[in-house]
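What follows draws every value from the coordinates through simple rules; no lab data is involved. Quick caveat: nothing in here was measured; it's all calculated off a predicted structure. Cβ sites come from the backbone with ideal geometry, for glycine too, and all protein chains shown count toward neighbours.
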Amino acid sequence: MVAASTTFARPLKVALVGVPGLGLALAVAAAVLGGFTVVDGWRLLLIPGCFAAVALAERFPVKIGPQQKINLGALPCLVVVLLLPSGIGPMTAALSVLVGNRFVHRSWTESVFNAGNVLAAGAIASLIGAIGATADVTRDVRATLAAFAYVAANLGLAVIPPSLLTGKPYLLLLRKAAVATWPASLTLAACAVTMAVLFVEAPLAAALPLVVLPMIYRMNRAIEAQARANEQLEGVLAAQRRFLTDVSHQVATPLATIMTNLSILRRANRGGPVEEAVADSVASAERMKRMLGRLRSLAHADEDVPLRRELVDLAELTADVVRAYTAQASTSGVDLVSVVAAPARVNADKDLLREAVANLVDNAVRVSPRGAEVKLSVERGLAGPVIAVADHGPGIEEDRLPRLFERFQRSDSGSGLGPAAPVRALPAQRLGQRARA
C-alpha cells in the first residue's frame, strides 16, 4: 500500500511512475502478440462483471485473521485476464482496480500504482496462458502457470513501495509478505483457473466455486465478533489492573499510619493487659501489608515486566522467609521450621521467588491448627531443586488441585487471594507448580 502523502523521495517517485509505465509497456506487447479478437461474444459480459466485482471486493475486504485482510478483487481480475484477449483482459483488470480504488477513496497515487501493478501482472499472465475457444490439458497447465505468475508478479511489485518507504531490505519484506499471504493467494489463483476453465467447458457450472462466499462471510463475522470480544476482555483486564493498583496504593498510606501507632502502643503497654491484643493487631496489619503486595503483583502479573535474574541460594531464601513469619506463626500457635536437605541455587528473580514462597508459607500458617507444624524444606528433585511447604491444615479438594495456581483459586476452607497471587507474576521462570491435598 502506498502512503497518501504527495511528497516522496526520488527512488519512491521512480517506483510509483515506473510500475505503471512497466504495466503499459507489457500491456502493449501483450496486445501486439495476442490481439483484440474475442472468441465468444458472451465473454464481453465479463468486463462490466469485473468492474462490479472489484468494487465490491474493495468495499468489503475479507478478513483472514484479527489483523489481516485480503482483497478478493484478484479473482475477477485474473478471470478476465485468462478469458479475454491479451489486448483487452489486462487493461480491463487494471481499469477495474483503478475505479475500485477510487470507489473506496484511495489516493490517485495509490490507485494508479495498484492499477499499474495489476496491468503488468495481467499482461504477463495473458502472454503465458490466456484460454481460447477450447480448453485442453496443455492450456489448463498454461493457465495454471499464468495464474501463479500473476500472483507472484503482483506481490513482487506491491512490496517495492513499502521497502523504499521504510528502508527495509526488499527481499526481507517480500519473504514476510509471501509467508503471510501465500495460502490465500494460491487459493484465489486456483479458483480463478477453475472458473475460467468452467466458463469454456461448462458455463452453467462456472459460478460453483463462488459457493464458498457465504462460508467466508460467516467466517468474517466470527472473526469480527472474536476481535470485539478480545477488545472488551482487554478493557476489562486493564480496568482490573487499574483497580488493584489504585486499591493497593490508597490503602498503603493509612495502613502505614496504623502500623506506626500500633508499634508505639505496643511499646507503651509492654507487659500490660492489652499487650496480647496489640500483638494480634500488629500481626493483622502485617498480614494486610503482605496482601497489598500481592494485589500489586496481581495488577502487574499480565504485563511483560523483565525479570531481574540472579543466582539465588535457596537455603538463605527459605531462612529469610521463616524469620519473617516466625512472629505470625508464634501468634497462631504454629511451629514453623525450615529443613534444607541439600544446598541448592537457582537462577531466578529473587524478590518474586521469595514472594511466591512467602505466600505459600502464609497460607499454611493461617490454615494450620494450634500446635501443628509447618515445614518449609529444600530438596533435590529429579528435575532440579524443589521447595516444599507442608502443613496440617484441612487440605484441598481434589477437583480444585488442577486449578489451584489460577488467579483467585483457593479451597473452600481458605480465604484471601489464593496461591496464584505471586506465582502469576513468575511466568517466565517456569516454576514447577504442584500441589497435593
Query - Virtual spin-label span in nm between Glu275 and Ala319, 7 Å along Cα→Cβ - result: 2.9 nm
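At R0 = 60 Å, how high is the FRET efficiency between Ala327 and Trp108 if r is their beta carbon distance? Nearest 0.05 is fine.
In this case the efficiency is close to 0.20.
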Query raised in the report: Taking one equal scatterer on every alpha-carbon of region 225-303, how large is log10 of I(q)/I(0) by Debye at q = 0.16, 0.18, 0.21, 0.25 1/Å?
Result: -0.68, -0.77, -0.90, -1.06
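Shape of region 169-263 from its Cα gyration tensor (a ≥ b ≥ c, root eigenvalues): rounded if a/c is under 1.5, otherwise prolate when a/b > b/c, or oblate? Please report the intermediate quantities before stating the final value.
Details: a/c = 11.20, a/b = 3.09, b/c = 3.62.
Taking the square roots of the gyration eigenvalues as a ≥ b ≥ c, region 169-263 is oblate.
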Query - Approximate spin-label separation Ala205-Val28, in nm, with each point projected 7 Å along Cα-to-Cβ - result: 4.3 nm
Report summary line: FRET efficiency (Ala178, Leu44; Cβ distance; R0 41 Å; to 0.05) is 0.70
Query - Zone of Val17's modelled label, taken as backbone nitrogen in region 82-106 under 14 Å from a point 7 Å along Cα→Cβ - result: none
Requested in this report: Output ³J(HN,Hα) for region 157-163: one whole-Hz value per residue in order, computed from phi by the Karplus curve 6.51 cos²θ - 1.76 cosθ + 1.60 with θ = phi - 60°, and x for Gly and Pro.
Outcome: 6, 5, 7, 4, x, x, 5
Query raised in the report: Based on the Cβ-Cβ distance of Tyr170 and Arg370, what FRET efficiency does E = 1/(1 + (r/R0)^6) give at R0 = 56 Å, to the nearest 0.05?
Result: 0.15
Query raised in the report: Can you run phi through the Karplus equation (6.51, -1.76, 1.60; θ = phi - 60°) for region 190-203 and list ³J(HN,Hα) in whole Hz, with x for Gly and Pro?
Result: 5, 5, 5, 4, 4, 5, 5, 5, 5, 4, 7, 8, 8, x
